[in-house]
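Take a look at the structure set out below.
No lab work stands behind these numbers, since they all come straight from the coordinates. It should be emphasised that the depicted structure is a prediction, and the values quoted were computed from it without experimental measurement. Reconstructed Cβ throughout: ideal geometry from the backbone, glycine too, with neighbour counts over all protein chains shown.
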Amino acid sequence: MLEDLKRRNREWAAAKIGADPAFFSRLVSQQAPDYLWIGCSDSRVPANEIVGLDPGQMFVHRNVANLAPPQDANYLSVLQYAVDVLRVEHVLVVGHYGCGGVRAAIESTEHGLIDHWLSPVRETAHDHRHELAALNGDARVDRLCELNVLRQVRNVASNPFVTHAWKSGRRLCIHGWVYSLADGLVHDLDVAIAGPADLAARLGDA
Ligand code: CO
């Protein structure tokens, strides 16, 4: 199986060079992505591929249930590097419908360590329990996928690295999307946050 992956890698690299001989030599010298993607680790949600971007065009952070926890050093390191060093102009928080992490967070069964990681999703579910109680099965999970994205957008938009960038006049916009496994399309939750006023107006109760 791994030999197969190495063979595919050689073919992929050859095809890239075939189409653009300077492709890799250009990327060696620098990366200048415009976007930071914060998405789920789910194998069906490959960041670059979904939006048709090549290597070098998007900085990517993925974890189970696309969380942006304010105390998580991994996420914070990625965010600071993307904002302060790469100076991305857009942060995309991208959930997906049918997310197993989101589903696991509201199941009564225990899953081990992942239950600790997913506690922010349970908090979001608790905060929106009345709305979610009116929904059943997949509809409830999918709505929580959306609410989880909105909460993570709020986390990113409240982050000191981000608010500092805004204060210094930088253009930086935080977006919330949910990807549909069923048709390959992203659904924009229309919560573009380009500054503190947007955050208060659009996500005050997320
Ligand atoms: Co997922």
Rounded to the nearest 10 degrees, the helix 137-158 long axis (Cα) sits at an angle to the longest Cα principal axis of the chain of 70
Among DSSP beta bridges lying fully in the chain, give the percent that are antiparallel, nearest 5.
20
Pair ALA139, GLN80: separation of 7 Å Cα→Cβ label points (nm)
4.5
Once you've got the GNM for the chain with C-alpha springs shorter than 10 Å, pick whichever of LEU53, LEU147, LEU113 has the biggest mean-square fluctuation.
LEU113
Based on DSSP H runs of at least 4 residues, each adding -39500 (n - 2.57), what is the mean residue ellipticity at 222 nm of the chain after dividing by all its residues, to the nearest 500 deg cm²/dmol?
-14000 deg cm²/dmol
Rounded tilt (10° steps) of 2-19 against the dominant C-alpha axis of the chain:
70
Over all alpha-carbon pairs in segment 58-143, figure out the percentage whose distance exceeds 21 Å.
38
How would you classify the chain from its alpha-carbon gyration tensor, with a ≥ b ≥ c the square roots of the eigenvalues: rounded for a/c under 1.5, else prolate if a/b is greater than b/c, otherwise oblate?
oblate
Let me have the relative contact order for the chain, percent, based on Cα pairs under 8 Å that are six or more residues apart.
20
What are the GluC sites (Glu not before Pro) within segment 102-206 that DSSP puts in a loop, where the Cβ has at most 13 other Cβ atoms within 10 Å?
GLU107, GLU110
Let's test the formula: R0 of 41 Å, r as the Cβ-Cβ distance of CYS173 and ALA22. What FRET efficiency results, to the nearest 0.05?
0.85
On alpha-carbon atoms, Rg over Rh for segment 1-117 using Kirkwood Rh?
1.04
Computed lengthening from ALA73 to GLU3, 0.36 nm per intervening residue step minus Cα-Cα distance
21.7 nm
Among ASN159, ASN136, ASN148, which one shows the biggest mean-square fluctuation in a GNM of the chain, springs joining Cα atoms closer than 10 Å?
ASN136
